[in-house]
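The values are calculated or read from the model by the stated rules, or taken from the named source; none is laboratory data. Since the model is a prediction, treat every value here as computed from it, not as a measurement. Cβ placement follows ideal geometry from the backbone for every residue including glycine, while neighbour counts extend to all protein chains displayed.
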Amino acid sequence: MTRKMDNTTRYERLRERYMNGDIDRRGFLGLIGAAGLAYGVQTPFAKYANAQTVAQVRFDGWGGVVSEALRENAFDPFQAETGIDVVDGTFGGGDEYLSRVKASQEGEYNIAHLSGVFDYARYHNLGLSTVLNEDNIPNLQYVIPKLVDVFRKVTDGKLSCVPYDYGTTGLAYNRKYISDEEMQEKGAKILIDEAHKGKIAGWSDWRTRLWYAALQTGQDPNNIEDVEAAWEAVRAHRDLSLKYWGSGAELMSLLAEEEIHVTEGWSGRIYALQEQGHDIGYMDPPNGFGWQECMFVIKGSPMEACEELLNFMLAPETSIAVAEGQNYPPALDPQKVDLGDKIPTLPAFDPTGKLDGLTFADPAYWNGNEQEWSKTFGRVQKGY
Amino acid sequence: MSVEAREARQPWILLSPALTAVALLLFVPLLFIVVYSFWLRTATGADEVGFFLDNWQEALTDAFYRDILLNTLKIAAITTLACAVMGYPAAYFIARSKGNKAILLLLLMLPFWISYIIRTMSWINILGVSGAFNTAMMALGIIDEPIQMLYNEVTVILGLVHFLLPFMVLNVFVSLDGIDTNLEDAANSLGATRWQAFTNVTLPLSLPGLAAGGLLCFVLGAGTYITPLVLGGPTDAMFANLVFEAIITQLNWPLGSALSLMLLVVLGALVLIYNRYLGMAQLMKGLG
């Protein structure tokens, strides 16, 4: 059997020969110098030569139970199988992450766990998308077609991501203080109910605030006609709220510590709280905020290594294990893959694989209003 | 080269690494921010390179930014005052203690070993509905229902005082430690009471330290964004939060740059006023 010799072994052998007196000092230093020169000369071009021997891929996601599930069920096994190190970082929101990517060097960030097609479109519009070679991702065949198609529409039939999971931002409430009946009766309007003043919270995300404001004012979230009425609802919610939360961890803490009684929340995080034994109810109101998450490959990334990782992550056994860990249904089509026992019990799960019951944000509509509405929310949030 | 010329060059040679670092890590990035503030953010989030005064016009004329800036200065002023009131007696106690001064100073520095964010978040476990205070009060039967104490302007100021108090104590301590205690004895021997000796001798001599601590607390307090984010309610934002939102949430780096420069100019003016009347030497002693 032949073993490939690495540079460290080469240096150690050379040093051993020198120490044994097999090579004189001038020769030893000459060889070291020649090696240094060769390395220096080839380094500027090394990135081209090393294109197919990537040692590391960077992944950024939402942190908490989501990151833990990915680390345990996808990244560690992938690393063991391929030798490619997956370095994972976290972010609190898509806006914050986009800002970091914008400030980075090309290739610094590789794969991002993006939420919503609107984020996918934003990244594409900023020139950050890539074109995946789908032949390298055969497990894409198991994904719900509807989830793939919406991304294709944005990027001219090509893909810069693979869909990975979906969920909802529904209403989470503490059953000790709010009954299921009260929730059914009030729906999204419970977030602007004076009776719960000081015990209400909400995500500091302008899209979510306006989406729920649309529901509270009886409007279609993807076509808000009376925008001023919606802003008034955002203001009403602000005045009754204890706090805007900024991360999944903060959401869970506020509910678990009973600082608040009701908020909108991410389905998987609320399920995690329920698993921990907290009596927290969860309800998707009519036209509740549905979203699909994807694994987006950012421009300048090592494509083959990223595609290999995406294919590994989409393998049914990996995808199901991750989904069970993070409590969001996987993008796998239940008509093609047996998803086991736990996933059908997760909030927002659709056994038909058609996802007709979920309302997703229209990327063109929301991105078209992003500049104005995000700025306005910044002011409304602070009492204006 | 003459000896004089060599001696004149020597300080610059020794200073050159520090000057290079300051130039590269402070002035060059600052220059980038100045340039950015004249660009424009387009609808897609990309920046349009050019010379536009729109961001500056908005930052300087919009009442929204002015109001938040004034509120930020108000919070920083209250925090500074609270730090001075609480920090002076502590610094006096340390400066006048015999034998255990080093241990007391070490205790003062201990909080710096823990992350600022963790220290800020610790108040949630103390003042929260299920926190230590409410749990203890309910266990003692003093209250029946937990009191809602978090997420308002008071808790923001509390978090800032917690963060900034050591800076005040250190500065006042340095000032008090340099005062000859014989001066107080002399005042006493001339018939002054201990209180009169303190107010007429010690306090005036320690004012430079108090001012240096005040300046540090004010500048650091006015520039913070973590504390209102963690301990503030929906409307408890400070000016740095606006910069964060412009850059991170709205991806509007040009406006964010203009806003950050605006804050820098306001706080820089304060530092210049301080330097004009009191000089930076006392501040350096405190920081050292």
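Results, tabulated for the structure shown:
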{"read-out": "Out of B:Ala77, B:Ala90, sole residue that is over 30 Å from B:Ile247 (Cβ atoms), among the small types (Gly, Ala, Ser) and either touching a Gly at 6+ places or on another chain (Cβ under 9 Å) or assigned to a helix (DSSP H, G or I) (or both)", "value": "B:Ala90"}
{"read-out": "Residue in region A:199-212 that is among the charged types (D, E, K, R), in a helix (DSSP H, G or I) and either crowded, with 16+ Cβ neighbours inside 10 Å or at pLDDT 95 or above (or both) present", "value": "yes"}
{"read-out": "Elements of type helices (runs of 4 or more DSSP H) contained in region B:131-235, each with 3 or more residues being farther than 24 Å from B:Val266 by Cβ and within 14 Å of chain A (Cβ to nearest Cβ)", "value": "B:132-139"}
{"read-out": "Output for region B:106-128, where each listed residue is part of a helix (DSSP H, G or I), of a type in the set (S, T, N, Q) and either touching a helix residue (DSSP H, G or I) at 6+ places or on another chain (Cβ under 7 Å) or exposed (fewer than 13 other Cβ atoms within 10 Å of the Cβ) (or both)", "value": "B:Thr120, B:Asn125"}
{"read-out": "Hits in region A:366-384 - residues which are over 17 Å from B:Thr42 (Cα atoms) and either more than 10 Å from chain B (Cβ to nearest Cβ) or not in a helix (DSSP H, G or I) (or both)", "value": "A:Lys382, A:Gly383, A:Tyr384"}
{"read-out": "Identity of the residue in region B:33-74, hydroxyl-bearing (Ser, Thr, Tyr) and touching a residue at least 60 places away in the same chain (Cβ under 8 Å), that ends up nearest to B:Glu153 (Cα to Cα)", "value": "B:Thr72"}
{"read-out": "Test: residue in region A:99-115 that is more than 14 Å from every other protein chain (Cβ to nearest Cβ), touching a residue at least 40 places away in the same chain (Cβ under 8 Å) and farther than 19 Å from A:Met303 by Cα", "value": "yes"}
{"read-out": "Hey, B:Leu261 in a loop (DSSP other than H, G, I, E, B), of a type outside the set (S, T, N, Q), touching a Leu at 6+ places or on another chain (Cβ under 9 Å) and more than 20 Å from B:Ala77 (Cβ to Cβ) or not", "value": "no"}
{"read-out": "Residue in region A:264-295 that is nearest to the chain's Cα centre (by Cα), counting only those that are among the acidic types (Asp, Glu) and more than 19 Å from A:Tyr212 (Cα to Cα)", "value": "A:Glu293"}
{"read-out": "Long-range neighbours under 7 Å by Cβ, at least six apart or interchain, first residue modelled with pLDDT of 90 or more within region B:105-133, second acidic (Asp, Glu)", "value": "B:Gly128/A:Glu257; B:Gly128/A:Glu259; B:Val129/A:Glu257; B:Val129/A:Glu258; B:Val129/A:Glu259"}
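Yes or no, residue by residue, for (1) within 30 Å of A:Asp338 (Cα to Cα); (2) not charged (D, E, K, R):
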residue	(1), (2)
A:Val101	no, yes
A:Thr130	no, yes
A:Val162	yes, yes
A:Arg175	no, no
A:Asp193	no, no
